[in-house]
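Engineer: Have a look at this one before I ask anything.
The values are calculated or read from the model by the stated rules, or taken from the named source; none is laboratory data. In this text the structure is predicted, and so the values were computed from the model without any measurement. Don't worry about glycine lacking a Cβ; one is built from the backbone with ideal geometry, like all the others, and counts go over all protein chains shown.
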């Protein structure tokens, strides 16, 4: 029996994935690395600890990886964060989940300041029972750390929770945590990619999942 729904934020509840990719591209250019946007966009959903090794070699990570990560975080906060918008019907979906007797948690590869802003713009603070960000764990997605941490907060086994995310990395991290994932297409990844990663159901976006709630794995 499903007792909790664990939501990703970036690309799932808020429209931020393209902005994150733009911030990464600007950051890499600042450090002399011209990486195509398409390649950067395909890795969105990972935290910096998993993102940087895709584009930097070990020597570069040792030399300026921490500085680059800090630069990107500050850049996103100053230039991009206020441009993030909530997807429609986020609060309504979470309220519907709560009316169904399920607890709600947030598990994100974003940092704590970004997540606090997203919770504010979606208006879901009073609906959340537990939350974890990459700031509180050793590894970000696609490693399972954020999901295992939030399961521990909820005091639930994996088979009593389900994940709602938008990237293959959400699905992969959930699988490593022995949880199933409902995937949303609003994060910009294809249905084929999400299904190949192991998503058990796929919906267009939050509004579609809300409309389909009675027939969805959430019910």
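Engineer: Taking only segment 110-129 into account, find how many residues are farther than 23 Å from residue 83 by Cβ and in contact (Cβ under 8 Å) with a residue 60 or more places away in the chain.
Structural biologist: Total satisfying the criteria: 1.
Engineer: If you don't mind, there's one more thing I want to ask. Return the residues of segment 101-117 that are part of a loop (DSSP other than H, G, I, E, B) and modelled with pLDDT under 95; say none if nothing qualifies.
Structural biologist: Initial filter on segment 101-117 (part of a loop (DSSP other than H, G, I, E, B)): 101-102, 108-111.
Result: 108, 109, 110, 111.
Engineer: How about segment 122-144: which of its residues are surrounded by 16 or more Cβ atoms within 10 Å (Cβ to Cβ), modelled with pLDDT of 95 or more and in a helix (DSSP H, G or I)?
Structural biologist: Correct list: 122, 127.
Engineer: Could we say that residue 92 is over 17 Å from the mean Cα position of the chain (by Cα), assigned by TED's automatic domain parsing to the domain that holds residue 43, touching a residue at least 12 places away in the same chain (Cβ under 8 Å) and surrounded by fewer than 16 Cβ atoms within 10 Å (Cβ to Cβ) here? Please lay out each step first, then the result.
Structural biologist: Details: over 17 Å from the mean Cα position of the chain (by Cα): yes; assigned by TED's automatic domain parsing to the domain that holds residue 43: no; touching a residue at least 12 places away in the same chain (Cβ under 8 Å): yes; surrounded by fewer than 16 Cβ atoms within 10 Å (Cβ to Cβ): yes.
Answer is no for this residue.
Engineer: Which pairs turn up if I take residues in segment 42-60 that are not assigned by TED's automatic domain parsing to the domain that holds residue 190 and look for partners that are assigned to a strand (DSSP E or B) and surrounded by fewer than 16 Cβ atoms within 10 Å (Cβ to Cβ) with beta carbon separation below 6 Å, at least 6 apart in sequence or on another chain?
Structural biologist: Close Cβ pairs (under 6 Å, with a partner that is assigned to a strand (DSSP E or B) and surrounded by fewer than 16 Cβ atoms within 10 Å (Cβ to Cβ)) do not exist here.
Engineer: Consider segment 169-219. How many of its residues are closer than 23 Å to residue 20 by Cβ and part of a strand (DSSP E or B)?
Structural biologist: 6
Engineer: Given the conditions (1) surrounded by 21 or more Cβ atoms within 10 Å (Cβ to Cβ); (2) under 30 Å from residue 30 (Cα atoms), report the number of the one that residue 106 does not fulfil.
Structural biologist: Condition not satisfied by residue 106: (2).
Engineer: What are the residues in segment 1-34 that are surrounded by fewer than 16 Cβ atoms within 10 Å (Cβ to Cβ) and modelled with pLDDT of 95 or more, if any? Don't jump to the end; show me each part of the working.
Structural biologist: Filtering segment 1-34 down to residues surrounded by fewer than 16 Cβ atoms within 10 Å (Cβ to Cβ) leaves 1, 3, 26, 29-34.
Scanning segment 1-34 gives 3, 26, 29, 30, 31, 32, 33, 34.
Engineer: Just for segment 14-38: of the residues that are in contact (Cβ under 8 Å) with a residue 40 or more places away in the chain and in contact with a strand residue (DSSP E or B) (Cβ under 6 Å, 6 or more places away or on another chain), which one is farthest from residue 205 (Cα to Cα)? Walk me through it before giving the result.
Structural biologist: Of the residues in segment 14-38, the ones in contact (Cβ under 8 Å) with a residue 40 or more places away in the chain are 14-20, 22-24, 26-28, 30-31.
Then keep just the ones that are in contact with a strand residue (DSSP E or B) (Cβ under 6 Å, 6 or more places away or on another chain); that gives 14-17, 20.
Working: 14: 10, 15: 11, 16: 14, 17: 14, 20: 19 Å.
So, considering only residues that are in contact (Cβ under 8 Å) with a residue 40 or more places away in the chain and in contact with a strand residue (DSSP E or B) (Cβ under 6 Å, 6 or more places away or on another chain), the one farthest from residue 205 (Cα to Cα) is 20.
Engineer: Here's another thing I want to ask about it. Hey, can you tell me all the residues within segment 146-167 that are in contact (Cβ under 8 Å) with a residue 12 or more places away in the chain and in a helix (DSSP H, G or I)?
Structural biologist: 146, 147, 148, 149, 150, 151, 153, 154, 158, 159, 160 - these are the residues of segment 146-167 that are in contact (Cβ under 8 Å) with a residue 12 or more places away in the chain and in a helix (DSSP H, G or I).
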